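S.K.: Here it is: the structure, laid out below.
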Amino acid sequence: MLTTTTTRVVEPHELDDALAVLDREPVNNAFVAARVRVSGLDPWRLGGEMWGWYHRGRLESLCYSGANLVPVCAGREAVRAFAERARRQGRRCSSIVGPAGPTAALWAHLEPHWGPAREVRPHQPLMVTDRLPEGIRPDPYVRRVRKDEMDVLMPACVAMFTEEIGVSPLAGDGGLIYQARVAELVGAGRSFARIEDGRVVFKAEIGAVTPQACQIQGVWVAPERRGEGLSVTGMAAVLRYALTEVSPVASLYVNDYNTAARAAYRRVGFQEVGAFMSVLF
């Protein structure tokens, strides 16, 4: 007798089925959906495996297993199945991240085997907007970063990453993978900054892009310039690019303790619609 559920690696020919799952929650799934739309489901191109949870032969849930472990549209049974597969394989990811509910359940299964984590951020508000802010003039000096400005941009990117994650992106491989990702976003025209006297004072990137939504990431203001409102006018400028040239909805998620950032995002029209969770190793 056939079991009613099964878990396995999703095959490249199942791309349409995988996209149908991802499209169920386009904002929550923007990061994974963007990778799949660019790379398909071949693990070498995708940078990891896509696990599928099937009910009566139908693909119902996904879990991206690469540098991050990311549950997608995963209910209780799917989370349990993904956790068991991850436990058997052993930890290969540097973080578990995704919508707070499924991610918390996944971590509850894995913590006895993978714990302790370096840090757990259980509630990171997910914020979205689909319109340009009213009454706020976008910073006219925020613009796309040029390819010949990588040397100017990288110190700000490293500072942001280290401040946000708690470790330097230059550790391990000397920053080769991280620098390649920054260069990829610059090359795609999705890296934005205000540069004064050869130094970045504000920056942000549009990290993930799908036809339904995009995700803004890496928002950073130089420490000595904080409190001047650069994040508000800078984000207004980035939103202008995002909503007019990229996707109809812009999203981001933010640490709940970062009250200044949350206030700035609300000023430019972002509203909280849910929460993400991150487990950092």
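S.K.: Scan the stretch 49-69 for residues that are open to solvent by 10 Å² or more (accessible area, probe 1.4 Å), under 20 Å from Asp16 (Cβ atoms) and within 20 Å of the chain's Cα centre (by Cα) and jot them down.
M.R.: Glu49 - this is the single residue of the stretch 49-69 that is open to solvent by 10 Å² or more (accessible area, probe 1.4 Å), under 20 Å from Asp16 (Cβ atoms) and within 20 Å of the chain's Cα centre (by Cα).
S.K.: Please go through the stretch 135-161 and give me each residue that is touching a residue at least 40 places away in the same chain (Cβ under 8 Å) and not in a helix (DSSP H, G or I), ordered by number.
M.R.: Result: Ile136, Arg137, Pro138, Asp139, Pro140, Tyr141, Val142, Arg143, Arg144, Val145, Arg146.
S.K.: Here's a follow-up. Restricting to the stretch 5-36, and then to whatever is in a helix (DSSP H, G or I), out of contact with any helix residue (DSSP H, G or I) (no Cβ under 8 Å at 6 or more places or on another chain) and charged (D, E, K, R), can you tell me which residue is farthest from Val249 (Cα to Cα)?
M.R.: Residue satisfying both the conditions and the ranking: Glu14.
S.K.: Can you say whether Arg37 is in contact with a Gly (Cβ under 7 Å, 6 or more places away or on another chain), touching a residue at least 40 places away in the same chain (Cβ under 8 Å) and either open to solvent by less than 30 Å² (accessible area, probe 1.4 Å) or more than 22 Å from Gly274 (Cα to Cα) (or both), as far as the supplied structure shows?
M.R.: no
S.K.: If you don't mind, there's one more thing I want to ask. Condition (residue is part of a strand (DSSP E or B) and of a type outside the set (A, V, I, L, M)) applied to the stretch 37-49: is it met by at least one residue?
M.R.: Yes: the stretch 37-49 contains one or more residues that are part of a strand (DSSP E or B) and of a type outside the set (A, V, I, L, M).
S.K.: While we're on this one: Helices (runs of 4 or more DSSP H) wholly in the stretch 173-281 with at least 2 residues that are on the phi > 0 side of the Ramachandran plot, in contact (Cβ under 8 Å) with a residue 40 or more places away in the chain and surrounded by 14 or more Cβ atoms within 10 Å (Cβ to Cβ) - which ones?
M.R.: Here the list is empty.
S.K.: Only one of (1) open to solvent by less than 40 Å² (accessible area, probe 1.4 Å); (2) over 25 Å from Val209 (Cα atoms) is not met by Arg85, so which one is it?
M.R.: It fails just one condition, (1).
S.K.: Is one or more of the residues making up the stretch 162-172 among the hydrophobic types (A, V, I, L, M, F, W, C) and open to solvent by less than 30 Å² (accessible area, probe 1.4 Å)?
M.R.: Within the stretch 162-172, none of the residues are among the hydrophobic types (A, V, I, L, M, F, W, C) and open to solvent by less than 30 Å² (accessible area, probe 1.4 Å).
S.K.: If you don't mind, there's one more thing I want to ask. For the stretch 17-38, how many residues are in contact with a strand residue (DSSP E or B) (Cβ under 6 Å, 6 or more places away or on another chain) and of a type outside the set (A, V, I, L, M)?
M.R.: 4
S.K.: Ok, one more. Which residues, taken from the stretch 124-134, are surrounded by 13 or more Cβ atoms within 10 Å (Cβ to Cβ) and not in a strand (DSSP E or B)?
M.R.: Hits for the stretch 124-134 are Asp130, Leu132, Pro133.
S.K.: Give the residue, chosen from Asp148, Asp139, that is out of contact with any His (no Cβ under 8 Å at 6 or more places or on another chain), open to solvent by less than 30 Å² (accessible area, probe 1.4 Å) and of a type in the set (Asp, Glu).
M.R.: Asp139
The values are calculated or read from the model by the stated rules, or taken from the named source; none is laboratory data. This is a predicted model, so every value here is computed, not measured. As a convention, Cβ positions derive from the backbone with ideal geometry for all residues, glycine included, and neighbour counts pool all protein chains shown. Heavy atoms of the whole protein, side chains included, go into the accessibility calculation; ligands, DNA and RNA do not. Shrake-Rupley method; radii C 1.70, N 1.55, O 1.52, S 1.80 Å.
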